[in-house]
Amino acid sequence: MTSPDFPTRMNFVGTIGRNEVCPCGSGKKYKKCCLEKHEAQRRLAAAPAAPPPVPVLIYDDDDGLEELSNSVVRLIRERRFDEALAGCRRLLDEFPEVVDGYEHSAMIHEMMGNHAAAAELYEKALKFIEQPDQREGFDPETFDFFRSEIAKNQLLASSTPNHENAS
């Protein structure tokens, strides 16, 4: 890209006029020969270093996890709880390395008013993400979220008549 004597040449170039003979020995005027190239090299040398490239995370999105997890969320929004719970069972069976099955199950039970079950499932989700091999993938807000959901659902379960436990 640049030769080892680039800084020396650049210092020399700074003293040559545009209309003088080019120092490369071509016999042309400097402005018609090497000026543009030397100015480009000077700009390049003065430019800040580019940040290191961001690593591209490659994951296998053909495993069906994203599609299954999103379909469960869709079923929850549509209040199709039995189908959503079946999807959660599949998440837990087919993808035991992710928290989605516990978290989505907890959401469903919470929406159904089964607060004791929701609290239990949020506790399982929290224990799951607290495992040493999982911890790094979650920010502190996620831990706080699960703790607050546990507390909220425990409180609601304790203040709800016992008919919730019959389901």
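The values are calculated or read from the model by the stated rules, or taken from the named source; none is laboratory data. Quantities reported herein were computed from a predicted structural model and do not represent experimental measurements. FYI the Cβ positions are ideal-geometry reconstructions off the backbone, even for glycines, and counts take in every protein chain you see. Each accessible area value is taken on the protein alone, full model and side chains, heavy atoms only, with ligands, DNA and RNA left out. Shrake-Rupley method; radii C 1.70, N 1.55, O 1.52, S 1.80 Å.
Here the calculated FRET efficiency for N70 and L155, from their Cβ-Cβ distance with R0 = 35 Å, stands at 0.70, rounded to the nearest 0.05.
Working note: Karplus 6.51/-1.76/1.60 with θ = phi - 60° gives the range 36-46 the couplings 4, 4, 5, 5, 4, 5, 5, 4, 5, 5, 7 Hz, where Gly and Pro are set to x.
Between K127 and A40, the modelled labels are 6.5 nm apart [label points 7 Å from Cα along Cα→Cβ].
For K37, a cut-off of 18 angstrom between C-alpha atoms picks up these lysines, skipping any fewer than 8 places away in its own chain: K28, K29. For D144 and D93 in the same chain, what is the full-extension length gain: residue separation times 0.36 nm, less their Cα-Cα distance, in nm? Value of the extension gain: 15.7 nm. Cross-link partners for K152 among the lysines, with Cα-Cα distance under 27 Å and sequence neighbours closer than 8 places in the same chain left out: K124, K127. Counting only protein heavy atoms and a 1.4 Å probe, the range 67-145 has 57 square angstrom of accessible area per residue.
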